[in-house]
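A.B. asks: Next up is a structure, given as structure tokens.
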Amino acid sequence: MISVQFDVCIILNEREPEKQNFARELEQRLSARKWSCFRLKPSRNMLEIILERKPRLLIIDYVLGDVGSAMDILAEIQNEPVSAILYTDEPSLNVAVTAIKYGAIDYIEMSSQQSLERVLLAAQAELDRLALVNSQTSAANAHNSQQHLICQSDSFKACVNEIKSLAIRPIDVFVIVGEAGAGRNTLARHYAAMRKNKTFVTEIDLEIWTDVLSSLFGNPRDPRIEPLLSYGNVVFIDHVEFDPIGELLNSVLENRQALSTNRHVGEYTTLVVGTKCRRTAMGWKKLLDIPTVEVPPLRERSADFFPLVQQFIEEAVVNSHHKVELTQTFLKELIANEWPGNIKELRAVITESVYQAVASGDNPTSHTRRKQSQGPIELPLTLAVDIKDAWEKCFFAQNALPDPLLARKTLDESLGNLRVCAAKLGTNVPLLLQMLEASTNNGKSV
């Protein structure tokens, strides 16, 4: 999953030259104020892109061509942590009221240069407010992160102690290596929580990253574009094994000095690199002379297994509003499984087990009456075998190229979305692209 968070997303109907100029100038003015922003042209997958890139602020036009209106987007993101400003040349009181109802913080008419200044002032005020809220809650988030980090096994205690020692000294790059699902991103967030001065973590997954890797350090041809690495004091880049030609590694070698000072928070930026490949980790370690933290797999954390199970069950119970009963059969199946997907697979299977128990053991139409009279319902918990099988099929198929014809058919069914297509095929985006490119070069019809 791509987890790069931007400050501002601009969506105007740029088919009109005037709005295109507005969008361009707005982007330039925001970038000059050191806010990361990107422009989107109205398209049918813009909602997916918004949810993927997670902007803090959305500046959006009312009419979005033939793909709908701003209300369609605002209705979908009203429960997401995204603020919105409606910026349009079609003033309407009804539209303004509806936009505010859906959670927009302002409604600004696009009429003159003064309206552009109004948008900039409103955007600056909202982004400053969000930055203040983020700084006030960082300590609480750090406490929660440490409180819920289960660390009873000796192997994981040693791993966490290494992270703590790295957090108290200035360091620009280090590597976290571990199997798929072992918790590399969890440790990266824990490292960020342990830092003395905390802002936020930027997360990037190279397994599905499609942009130029060197852009992480900015564009030398356009100094107005801020590098992604300057927007968080901890940047976690996972799956660096999907950088086979070493583009990212070379960029780090050439731009390592840029990590020493973060212009936004006035301190050094730490680049945390994650990989499941020991050879890749060794390459980074030798070339950059940096520390390596190894995450133990779940099979080596026997003392953590049942506390993790209990935590995942409690999380699922809170979300489903039902109590569940642990059966001996369920516990035996948990112990018997090897869990090749580690903690991530364990969490997915337990969560789905709770939901399946709720779905099969309760009648939603009569639940309200029973709950009032009898209290929470205890449901027998059995292993979600279908989810376990699907998860392990995906896990073992990660290095297998899909059939070209099946891949093309699935890609069409997924409306061209590579991430969705790869998930359906049980593979990853780089391998999917590799297969499609090789087949095209060989003249095959895919």
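The values are calculated or read from the model by the stated rules, or taken from the named source; none is laboratory data. Note that this is a predicted model, so its numbers are computed, not measured. Ideal geometry is used to build each Cβ from the backbone, glycine not excepted, and the neighbour counts take in all protein chains shown. The protein model used for the area step is the full one, side chains on, heavy atoms only, and it has no ligands, DNA or RNA in it. Shrake-Rupley method; radii C 1.70, N 1.55, O 1.52, S 1.80 Å.
A.B. asks: Which condition number in (1) loosely packed, with under 14 Cβ neighbours inside 10 Å; (2) within 13 Å of GLU14 (Cβ to Cβ) is the one that ASN45 fails?
C.D. replies: (2)
A.B. asks: Considering only residues that are among the basic types (Lys, Arg) and buried (at least 16 other Cβ atoms within 10 Å of the Cβ), which ones fall in the range 286-322?
C.D. replies: Applying the first criterion (among the basic types (Lys, Arg)) to the range 286-322 yields 286, 299, 301.
The one that is among the basic types (Lys, Arg) and buried (at least 16 other Cβ atoms within 10 Å of the Cβ): ARG301.
A.B. asks: OK, next. PHE217: closer than 24 Å to TRP35 by Cα, open to solvent by 30 Å² or more (accessible area, probe 1.4 Å), out of contact with any strand residue (DSSP E or B) (no Cβ under 8 Å at 6 or more places or on another chain) and modelled with pLDDT of 65 or more, yes or no?
C.D. replies: Working: closer than 24 Å to TRP35 by Cα: yes; open to solvent by 30 Å² or more (accessible area, probe 1.4 Å): yes; out of contact with any strand residue (DSSP E or B) (no Cβ under 8 Å at 6 or more places or on another chain): yes; modelled with pLDDT of 65 or more: yes.
It is true that PHE217 is closer than 24 Å to TRP35 by Cα, open to solvent by 30 Å² or more (accessible area, probe 1.4 Å), out of contact with any strand residue (DSSP E or B) (no Cβ under 8 Å at 6 or more places or on another chain) and modelled with pLDDT of 65 or more.
A.B. asks: For the range 298-317, give me each residue that is under 17 Å from GLY181 (Cβ atoms) and among the aromatic types (Phe, Trp, Tyr).
C.D. replies: Matches in the range 298-317: PHE305, PHE312.
A.B. asks: For residues in the range 323-348 being hydrophobic (A, V, I, L, M, F, W, C) and surrounded by fewer than 16 Cβ atoms within 10 Å (Cβ to Cβ), which is nearest to VAL358 (Cα to Cα)?
C.D. replies: Across the range 323-348, the extreme among qualifying residues is LEU326.
A.B. asks: Tell me which residues, restricted to the range 265-297, are within 18 Å of GLY181 (Cβ to Cβ) and of a type in the set (S, T, N, Q).
C.D. replies: Listed by number, the residues that qualify are THR275, THR280.
A.B. asks: Now a separate question. Being under 17 Å from the mean Cα position of the chain (by Cα) and either at pLDDT 80 or above or open to solvent by 40 Å² or more (accessible area, probe 1.4 Å) (or both) is the filter; apply it to the range 1-22 and report the residue that is farthest from ASP128 (Cα to Cα).
C.D. replies: To start, the set of residues in the range 1-22 that are under 17 Å from the mean Cα position of the chain (by Cα) comprises 1-9.
Cutting the leftovers down to either at pLDDT 80 or above or open to solvent by 40 Å² or more (accessible area, probe 1.4 Å) (or both) gives us 1, 5, 7-9.
Values: MET1: 27, GLN5: 16, ASP7: 11, VAL8: 12, CYS9: 16 Å.
Among those that are under 17 Å from the mean Cα position of the chain (by Cα) and either at pLDDT 80 or above or open to solvent by 40 Å² or more (accessible area, probe 1.4 Å) (or both), it is MET1.
A.B. asks: Only one residue in GLU25, GLU90, GLU80 is exposed (fewer than 15 other Cβ atoms within 10 Å of the Cβ), modelled with pLDDT of 80 or more and closer than 18 Å to GLU109 by Cβ, so which one is that? It would help to see each step written out before you state the result.
C.D. replies: Details: GLU90 fails: modelled with pLDDT of 80 or more; GLU80 fails: closer than 18 Å to GLU109 by Cβ.
Among GLU25, GLU90, GLU80, only GLU25 is exposed (fewer than 15 other Cβ atoms within 10 Å of the Cβ), modelled with pLDDT of 80 or more and closer than 18 Å to GLU109 by Cβ.
A.B. asks: Take ARG256 and tell me if it is out of contact with any strand residue (DSSP E or B) (no Cβ under 8 Å at 6 or more places or on another chain) and either of a type in the set (D, E, K, R) or open to solvent by 70 Å² or more (accessible area, probe 1.4 Å) (or both). Working first, answer last.
C.D. replies: Numbers: out of contact with any strand residue (DSSP E or B) (no Cβ under 8 Å at 6 or more places or on another chain): no; either of a type in the set (D, E, K, R) or open to solvent by 70 Å² or more (accessible area, probe 1.4 Å) (or both): yes.
For ARG256, the condition - out of contact with any strand residue (DSSP E or B) (no Cβ under 8 Å at 6 or more places or on another chain) and either of a type in the set (D, E, K, R) or open to solvent by 70 Å² or more (accessible area, probe 1.4 Å) (or both) - is not met.
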